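Take a look at the structure below.
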Amino acid sequence: MKNFNFYAPTEMFFGKGEIKNLPNLISRYGKNVLLCYGGGSIKRNGIYDSIHKLLKDCTIIELSGIEPNPRIETVERGIKLCREHNIDVVLAAGGGSTIDCAKVVAAGVCYEGDAWNIVTNPSKIKAALPLVTILTLAATGSEMDPYAVISNMKTNEKIGTESQYILPKASILDPEYLYTVPKYQTAAGTADIMSHVIENYFSTEIDTFVQDKISEGLLEACIKYCPVALEDPENYEARANLMWASSLALNGLTGCGKNQAWSCHPIEHELSAFYDITHGVGLAIITPRWMRYILNDKTVDKFVQYGENVFHIQNTGDKFTVANEAIDKTEQFFKDCKIPMTLKELNIDETHFEKMAEDAVKFGGLQYAYVPLNKNDVINILKESL
Ligand code: NZQ
Ligand code: ZN
């Protein structure tokens, strides 16, 4: 196990009605609040009204219309609002897109130059306004992590930045807020949680028993509870477990002692950058194809561990049989959750594969992944996903 530093200081308020803590939390930082949200789901499910009631003594300025795959132009709009209204604290109410946009707004206010610079060069982030989040979708882990992913659709770039300054100070997680999440987003969010775990689980470090067991537990939780939430959207137990899995999958815990680049995320980010697709759907399509592509004599034991401990496959002696069954079950799980499992279903063809593969290697550091991937490898994985 490599040396590591685990730092996850976000204060988590989890459970029914925990939004009651909002006034106290906000008052730690001031009265001028930038409320960030997306296309309006928080207005339809009542969260918006609750926020306004609870913060009646604050001045609330709104950054609305944050897109899934948030755009740099929206970040710039938020920074302008913060400066004009002397904002003290940023409040994000939504999924990963809203939280990510809010993070870069919070950092951008404290940066003089072009906001895109702090996306492409995280070391330029030297300070940020305090950020509080209210999570409404179990998926990205942004509610408890130092990452933000922003898109520049003009240049077909979708890039992740990272800084401890943008870690949320506190996050409110009420599983009842997930009741209105559509089935498609519930499934895609679960695929994202699983991918975060899988990216860390498949690692060259072989002595990380604790991290692996935590990972297997999180994967089992997703496999158990996503179908329940799809069938019965107001099942509290299912929503609560998926919500907590979202935070634990990417708060650093499963990646401790295993620092290496990820594999499927850089490829998916290219799909989103060119075709604006739902992140978790892209991951569900890529993941089983990547697994088949990297399965070999060196990696097979890890796939056997995955098959035995996550899908409880009986090991009859042939490692590759177990490994392939585990990969098939991964793919079948996503299919059963009604995720479209080919790029063709998303109207994606080979047109941009060359450029996407080049950028995935360039921006995603795929040469340092579990099994290093070059441009041709990425093209092959994308072709397998058609
Ligand atoms: O915009 P609104 O109206 O709120 O609707 C959203 C959006 O259409 C809707 N939604 C969210 N909560 C809802 C709801 N609808 C009904 N009821 C609710 N309670 O769901 C749609 C998708 O929302 P979005 O925030 O885009 O989804 P997600 O949380 O999956 O975030 C995806 C973004 O996060 C990035 C992705 O690349 C993508 O840009 N990621 C961020 C990461 C991070 N910060 O650590 C890591 C991830 O790997 C990922 O890259
Ligand atoms: Zn993700």
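Across the chain, C-alpha contacts under 8 Å between residues 6 or more apart give a mean separation that, scaled by the residue count, equals a relative contact order of 16 percent.
Take the Cα radius of gyration of the stretch 65-171 and divide it by 2.2 N^0.38 Å, N being the number of residues; the result is 0.93.
Pairs of Lys residues in the stretch 83-210 are counted when their Cα atoms are under 29 angstrom apart and they lie 8 or more places apart or on different chains; the count is 14.
Of all the options GLU345, GLU199, GLU176, the one that moves most in a Gaussian network model of the chain with Cα springs shorter than 10 angstrom is GLU345. Report the residue, chosen from LEU178, LEU54, LEU219, that carries the largest GNM mean-square fluctuation when the chain is represented by alpha-carbon nodes joined by springs under 10 Å. Evaluated over the chain, the most mobile residue of the options is LEU54. Across the accessible surface of the chain, with the other protein chains kept in place and a 1.4 Å probe, carbon and sulfur atoms take up 50 percent. Before rounding to the nearest 500, sum -39500 (n - 2.57) across all DSSP H runs of length at least 4 in the chain and divide by the residue total; then give [θ] at 222 nm in deg cm²/dmol. -15000 deg cm²/dmol, from helical runs alone. Could you tell me which of rounded, prolate or oblate describes the stretch 294-386, using a ≥ b ≥ c as the square roots of the eigenvalues of the alpha-carbon gyration tensor, with rounded for a/c under 1.5 and, failing that, prolate when a/b is larger than b/c and oblate otherwise? Since a/c reaches 1.5 but b/c is at least a/b, the shape of the stretch 294-386 is classed as oblate. Computed with a 1.4 Å probe over protein heavy atoms only, the accessible area of ILE26 comes to about 0 Å².
Evaluated with a Cβ-only charge set (Lys, Arg +1; Asp, Glu -1), the chain carries a dipole of roughly 840 debye about its Cα centre, given to the nearest 20. Given a 1.4 Å probe and the protein chains as shown, HIS352 ends up with an accessible area of around 70 Å². To the nearest ten degrees, helix 96-108 and the longest principal axis of the Cα atoms of the chain are 60 degrees apart.
Centre-to-centre, using Cα atoms only, the stretch 180-252 and the stretch 29-102 are separated by 27 Å. Along the stretch 147-158 the Karplus relation, 6.51 cos²θ - 1.76 cosθ + 1.60 evaluated at θ = phi - 60°, assigns HN-Hα couplings of 9, 8, 10, 10, 10, 10, 6, 5, 10, 6, 10, 10 Hz to successive residues, with x for each Gly and Pro.
Counting only protein heavy atoms and a 1.4 Å probe, the chain has 41 square angstrom of accessible area per residue.
What shape does the chain have by the C-alpha gyration tensor, where a ≥ b ≥ c are the square roots of the eigenvalues, rounded means a/c under 1.5, and otherwise prolate means a/b greater than b/c and oblate the rest? Prolate, since a/c reaches 1.5 and a/b exceeds b/c.
Highest GNM mean-square fluctuation among ASP192, ASP114, ASP174, for the chain modelled with Cα contacts below 10 Å: ASP114.
When the charge dipole of the chain is built from unit charges on Cβ atoms (+1 for Lys and Arg, -1 for Asp and Glu) and taken about the Cα centre, the candidate among TYR37, GLN211, GLY307 whose Cα reaches farthest toward its positive end is TYR37.
Taking a ≥ b ≥ c as the square roots of the Cα gyration tensor eigenvalues, with a/c under 1.5 meaning rounded and otherwise prolate when a/b beats b/c, else oblate, which class fits the stretch 26-65? Here the stretch 26-65 falls in the oblate category.
Given LYS258/LYS302; LYS319/LYS383; LYS213/LYS302, which pairs have Cα atoms separated by over 18 Å? Pairs exceeding 18 Å: LYS319/LYS383. Taking every DSSP bridge with both residues inside the chain, close to 20 percent are antiparallel. Accessible surface ranking for LYS124, LYS338, LYS158, 1.4 angstrom probe, highest first: LYS338, LYS124, LYS158. Counting only lysines at least 8 places from LYS56 when in the same chain, those with an alpha carbon closer than 17 Å to its own are LYS20, LYS31, LYS43.
The values are calculated or read from the model by the stated rules, or taken from the named source; none is laboratory data. From a predicted model like this one, the values you see are computed outputs, not experimental measurements. All Cβ positions, even for glycine, are placed from backbone atoms using ideal geometry, and neighbour counts span all protein chains on display. With ligands, DNA and RNA removed, areas are computed over all heavy atoms of the protein, side chains included. Shrake-Rupley method; radii C 1.70, N 1.55, O 1.52, S 1.80 Å.
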